[in-house]
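Trainee: Here you go, one structure.
The values are calculated or read from the model by the stated rules, or taken from the named source; none is laboratory data. Please read these numbers as outputs of a predicted model, since none were measured by experiment. Glycine gets a Cβ as well: all are built from the backbone with ideal geometry, and neighbour counts include every protein chain shown. Keep in mind that these areas ignore ligands, DNA and RNA; they rest on the heavy atoms of the full protein, side chains included. Shrake-Rupley method; radii C 1.70, N 1.55, O 1.52, S 1.80 Å.
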Amino acid sequence: MSKASEEAYDNAASTDWIQSSDWSHMEDILTGPPIAQVYEDIANLMPPQLGQDYTKSVGDFDALIVRFYKAQNVSSTIRRTRTVKETVYDRGPTNIMNEARSELRGIMENGFESKKNPTKSSRFQTTYGEDNLRFTYIHFPATNIDWMKDLLLRIMVDEHKSAASFHEVSSFLQSTWSEIPDRTSASRIMRPQFIERKLNISSGQKQDNDSTLKRSGEQKVKAINGKQDENTQKADDQEINDYGGNSHGANKQEIEKRAEQEGDKSITSSALYMPFLSFSTYYEEDNRHDAEHTGRRPFKANKQSRNLTNVYKDSVIHESATLDEAYYHFQLADREAQRDRLARNRNQVVTKQLKLNPQKPEEDPQPSNAHLPERKEAKCWPLVRVNQIWIWTIDNRWLISATTHLVDDVEQLWIDGFTDYLSNQVAAAGVQSQPGSTEDMMKAIVDYCVGSYEMRRVYRVRKHRDSDPAGSSDSGSNNEDSSWTTGPSIRQLFADYINSIGRKQTDLLHEHVKQREGLNPSERRDKITEATSTAEHIISEIRDVRDELNILKSIADYQYTVQKRLLGRDSTGSDLSASYVVNSITEMDRLATTIQSPVDLKLSLLQSEMANVQSEEAVRQGKVMMAFTIITIVFSPMSFLTSLFALDVGSFLEAPNWAFGVIFGTSSAFVAVALYCAYIFIRPNSDAKEGKQMPGERPQPTSQKADAMEHGKRRKGMLSFLNHRRGLPDEGNREDSV
């Protein structure tokens, strides 16, 4: 091969390799895109941004921000209510509370009384000094994970935390999300649990525990391992305060100066998810049904919750579920399940005990939408719902909570009830009973949620019944036409309902059989039927109440597990309020079982008595039929003779003799055939009862006992014959003589 040919060959080979390599790269890109990914944390955190689609929905909900201050003999709070949009996406909680503190300081120090008495101006510093700040509490009125994540980012930005610290805390909190039964169920909840991210300052290792141990009041932090860039170090170093410290409102230079002295430290955090019971006013169309097409007006809160769910449909947001929905998780596509769901929601124990029986849709006198009036009153009734409480703690200085959004304008808001609970606790037990840390606050929230089982219902009552019964209008509810009142607790309603069943059981058992002895069979049968219906109704009521008690116990078991992990492994059952709830529900279920047992026995006796009455009536009817039969037999020949002699005798005499043969012969033949058929039909049954072999039937093998009896008969007959030939007395006669 020449030199030119070799060069041409090498060039062609190189070109082929390049083409094959490019083709391989193209194939990799097409078969598995993307072929490479790069992830890089942003160097500086930016405040969260709110999209245009979320602006109106977020503006309808208010968030509560409370700063807790506590000194030796003084405890105080600063409270502000702002929209979620302003709290998270506009000003932020730090700026809002700093401004509120400044306003309060101006009022206390520049007031008329303070000018006359200068000692009063120092009271502000004693009460609301930065050294007395313990933590900041923020509450959301809806379990929306996007709000909580954005608020976490906003807090990190306001406190000049690094992106690494934010992602460290955010990844831990995100790892605690676990929805049950699945992410598509309309009644899903977060798995009840308490998880704490503990930091060990000595070993520098992070620990994510499912249970919390007893912790001291000190803040446990850890230094981040490894060297960092000087700029990153300055950005990460933050102000870490004990109970007397505060970073709110500090400028960047002070933070960096403090950070250089203390060194870089990680952030403690924890997460808690727990269900709790709550009263609610149920609107007939409030569960995933469009009330606009029915002509009924839903609650304003119901409209807001629907709008929020629709806007955040691709996010993690949980709706409020009724007692049965939270346990059975009815599928929306199953019509039978939906009918069962609606029936259960109409017949809760709480609803029946409050004597509110809503009209069913199928009984609506105007089922057609075309005949509905423009403004039709909504059908509402109270029931029990299973809501959720979500709690995040950040750096032992921030506590974020969220509860399931309200679906009516009648019941008291959860946050209003909880703040009243804290105020009453401080008023009764003194200033030291006010929560002084995020851990104390978390325990107080859990105790309050567990106590909802025996907490009296607080709800709004309309002064003018002719006004809007739904408690709302297009412009909102008119609070001036309503007043707050209280009602029995969930525990009291269940106890009263079981007691009412017990009274029905007592009345049923005291109805003795002797009270029905003087009645005729028809009246006795009616009385027994009425008593049987009562017993069946009592059993049905017991079954319903035991079913709901089982649901309540499952919720209480969740609460017990979470509370035990919150208090630590060393806590005993007597220390937990949830253990009392579990025991109370178990005791009521035992009482319901005790009531059911005698009712079951009574129902069996009633059924037996009904069978006896029916058998006696059958015997009586048989005797009556026998009397009619005898009368018929007696009068049949007489009727025949009467009919016979009533005939024209002359015609019979003129008739030929063969005519009588035809008449009586035909009748006799017909009667003979009928008797033979009856004999053939009756004989197999009688022969079968006597054990005789039927014609054409395969002979059945006889038992050994039958063979022995047959052999004995033959032997006895042979002996009698021989004795007779010999002139001896018969064995049978000998036995008779003896």
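Trainee: Taking 7 Å along the Cα-to-C-beta vector as the label spot, tell me the Ala655-Ser615 distance in nanometres, rounded to one decimal.
Mentor: Using points 7 Å along Cα→Cβ, the separation is 5.3 nm.
Trainee: Calculate the length of the line joining the C-alpha centroid of the range 643-680 to that of the range 302-342, in whole Å.
Mentor: First find each Cα centre; the distance between them is then 84 Å.
Trainee: Using amide H atoms built 1.01 Å from N in the peptide plane, name the residues 5+ places from Arg457, or on other chains, whose amide H lies under 5 Å from its own.
Mentor: Here Gly487, Ser489 satisfy the definition.
Trainee: Dipole magnitude of the range 480-624 about its Cα centre, charges +1 at Lys/Arg Cβ and -1 at Asp/Glu Cβ only, in debye to the nearest 20?
Mentor: 500 debye
Trainee: So for Val662, Val38, Val84, what's the accessible-area order with a 1.4 Å probe, most first?
Mentor: The ranking, largest first, comes out as Val38, Val662, Val84.
Trainee: Right, here's the next one. Between rounded, prolate and oblate, where does the range 557-661 land on the alpha carbon gyration tensor, with a ≥ b ≥ c its root eigenvalues, rounded for a/c under 1.5, else prolate if a/b exceeds b/c?
Mentor: prolate
Trainee: Between Leu413 and Asn110, what FRET efficiency comes out of the Förster formula 1/(1 + (r/R0)^6) with R0 = 30 Å and r the beta carbon distance, rounded to 0.05? Provide the component values of the computation, followed by the final result.
Mentor: Values: r = 34 Å, r/R0 = 1.14.
Calculated value: 0.30.
Trainee: List, in the order given, every pair from Lys443/Lys504; Lys300/Lys564; Lys355/Lys602; Lys504/Lys553; Lys300/Lys504; Lys149/Lys443 whose Cα-Cα distance in the structure shown is over 32 Å.
Mentor: Over 32 Å apart, Cα to Cα: Lys443/Lys504; Lys300/Lys564; Lys300/Lys504.
Trainee: Could you tell me which residue out of Val619, Ser577, Ser608 lies farthest along the dipole of the range 562-639 toward its positive end? Charges go on the beta carbon: Lys and Arg +1, Asp and Glu -1, centred on the Cα centre.
Mentor: Ser577
Trainee: Kindly state, to the nearest 0.05, the FRET efficiency for Ala333 paired with Glu454, given R0 = 35 Å and r defined as their beta-carbon distance.
Mentor: In this case the efficiency is close to 0.40.
Trainee: For Leu50 and Val461 in the same chain, what is the full-extension length gain: residue separation times 0.36 nm, less their Cα-Cα distance, in nm? Provide the component values of the computation, followed by the final result.
Mentor: Values: separation 411, 0.36 × 411 = 147.96 nm, distance 3.75 nm.
In short, 144.2 nm is gained.
Trainee: Extension gain Ala429-Met626, at 0.36 nm per residue separation less the Cα-Cα distance, in nm?
Mentor: So the chain would gain 62.1 nm between Ala429 and Met626.
Trainee: Would you rank Cys380, Cys677, Cys449 by solvent-accessible area, highest first, keeping every protein chain in place and using a 1.4 Å probe?
Mentor: Highest to lowest solvent-accessible surface, that is Cys677, Cys380, Cys449.
Trainee: Please sort 314-322, 586-594 by packing, taking for each peptide the average over its residues of neighbouring beta carbons within 10 angstrom, highest first.
Mentor: Output ranking for 314-322, 586-594: 314-322, 586-594.
Trainee: Take Thr485 and His510, extend 7 Å from each Cα along the Cα→Cβ direction, and tell me the distance between the two endpoints in nm.
Mentor: So the label points at Thr485 and His510 sit 3.2 nm apart.
Trainee: Once fully extended, how much extra length lies between Ala646 and Arg79, figured as 0.36 nm per residue of separation less the alpha-carbon to alpha-carbon distance?
Mentor: Details: separation 567, 0.36 × 567 = 204.12 nm, distance 11.49 nm.
Roughly 192.6 nm would be gained on extension.
Trainee: Now a separate question. In nm, to one decimal, how far is the modelled label at Val673 from the one at Asn583, with both set 7 Å along Cα→Cβ?
Mentor: Each label point is offset 7 Å from its Cα along the Cβ direction, giving 8.8 nm.
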